[in-house]
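A quick write-up on the structure given underneath.
The values are calculated or read from the model by the stated rules, or taken from the named source; none is laboratory data. Remember, predicted model here, so these are calculated numbers, not experimental data. Reconstructed Cβ throughout: ideal geometry from the backbone, glycine too, with neighbour counts over all protein chains shown. Side chains are part of the model used for accessible areas, which takes the heavy atoms of the whole protein and leaves out ligands, DNA and RNA. Shrake-Rupley method; radii C 1.70, N 1.55, O 1.52, S 1.80 Å.
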Amino acid sequence: MQTFNHLITTRPHEVRQVFISDLHLSPEEPALVQAFLALLDDCLALPALKRLFILGDWFEVWIGDDAYLTLSDAARQTHWLTPLIAKLKQLRINGCEILVMHGNRDFLLGQPFCNLFGGELIDEPHMLTIGQQHYRLEHGDALCTDDKKYQFFRKIMRNRLTQWYLLNKSLKKRLAIAEKMRQKSQQNNANKAAHIMDVNDEAVIQAVANSDALLHGHTHRPDIHQATDDKKRYVLGDWRLLNKDTRKPTVSAVIGVMITNEHSDSNKANFELVKFSSLV
């Protein structure tokens, strides 16, 4: 698999769109935050970049936009989110759209937070044309239909009434609820068979029925699969810290890129999975 660093070093004018998911950013994982900042620096250096897609689970937990929006100016100056917002805002000023999709961890993320950097919250599935092919983009958790308990939980959490109820709780109460949900999720997942937490083949076939290809994250199993005889399923990877006890810890992820030869038209664009890595 080609590396993102090699691609942007040798063919920077050809990278038009970047796709990432499952960063699970939090103040408890500063290495992941720094890696995301490094990716944004790379994106800022790409002269022809038009779109950055964040396909869910951008944050490990999101208890509501007001957790940041209600901070004082002084508190914002030292907050871990502020540098991210600043770089994203510069990227938008440079002409790159920033499109954000909900995941199962950050379903309370709202447009008001995205407005801080000129981003747009998009619904799933999101349809995108790359070259002459139509891609269906989604987070991926809706495809894991074998996990009946999770799908029931997902239906409840994505309900607007449930979200209204949560957002009307105090920030302290929401944080406690989120921590309890996370602990319960970890306990449940530890007792589930691996295949239950992966996508269901029939769900994939249905999802890709009106598209040429499917792109998602969520499962933390980056790869390229043959969804049907003539359609592919691309899976983005989660961001993870490797070799953290050595002198060269590295954050690594599999991300997607849309590449167009700078001398050709958009009908000849290609999609690829590439490996992104950042030394901590």
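Counting alpha carbon pairs within less than 8 Å and at least 6 residues apart, what relative contact order, in whole percent, applies to the chain? The partial results should precede the final answer.
Values: 526 pairs, mean separation 66.5, N = 280.
RCO, the chain: 24 percent.
For the residue pair Leu171 and Asp245, what label-to-label distance in nm results when each label sits 7 Å from Cα along the Cα-to-beta-carbon direction?
3.7 nm
Only helical DSSP H runs with n ≥ 4 go in: add -39500 (n - 2.57) per run for the chain, normalise by residue count and round the 222 nm mean residue ellipticity to 500 deg cm²/dmol.
Details: 10 runs with 93 residues, N = 280.
For the chain, the value works out to -9500 deg cm²/dmol.
Assign one of three labels to segment 86-140, namely rounded, prolate or oblate, based on the Cα gyration tensor with a ≥ b ≥ c the square roots of its eigenvalues; rounded applies when a/c is under 1.5, prolate when it is not and a/b is larger than b/c, and oblate otherwise.
Details: a/c = 2.95, a/b = 1.22, b/c = 2.41.
It comes out oblate by the Cα gyration axes.
I want the antiparallel fraction of DSSP beta bridges within the chain, as a percent rounded to 5. Intermediate values should be presented prior to the final figure.
On the way: 27 of 48 bridges.
Antiparallel bridges: around 55 percent, rounded to the nearest 5.
Please give the FRET efficiency for Thr9 paired with Gln206, using the beta carbon to beta carbon distance and R0 = 45 Å, rounded to the nearest 0.05.
Efficiency computed from Cβ-Cβ geometry: 0.65.
Over the chain, with every protein chain in place, what whole percent of the accessible area is carbon and sulfur at 1.4 Å, could you tell me? Provide the component values of the computation, followed by the final result.
On the way: 7220 of 14530 Å².
Carbon and sulfur: 50 percent of the exposed surface of the chain.
In terms of the Cα gyration tensor, with a ≥ b ≥ c the square roots of its eigenvalues, is segment 1-148 rounded because a/c is under 1.5, prolate because a/b exceeds b/c, or oblate? Walk me through the numbers on the way to the answer.
Details: a/c = 1.65, a/b = 1.13, b/c = 1.46.
Because a/c hits 1.5 or more and a/b fails to exceed b/c, segment 1-148 counts as oblate.
Taking loop as defined by DSSP and a crowding limit of 15 other beta carbons within 10 Å, which chymotrypsin sites (Phe, Trp or Tyr not before Pro) in segment 70-119 fit? Mind showing how you got there, number by number?
Details: sites: Trp80, Phe107, Phe113, Phe117; in loops: Trp80, Phe107, Phe117.
The qualifying sites are Trp80.
How high is the relative contact order of segment 157-280, in percent, with contacts defined as C-alpha pairs under 8 Å that are six or more residues apart? Walk me through the intermediate numbers first.
Values: 145 pairs, mean separation 16.8, N = 124.
Relative contact order comes out at 14 percent.
Using C-alpha positions alone, give me the convex hull volume of the chain per residue in cubic angstrom. Spell out each step's value before the answer.
On the way: hull volume 39.3 nm³, N = 280.
Output value, Cα hull per residue: 140 Å³.
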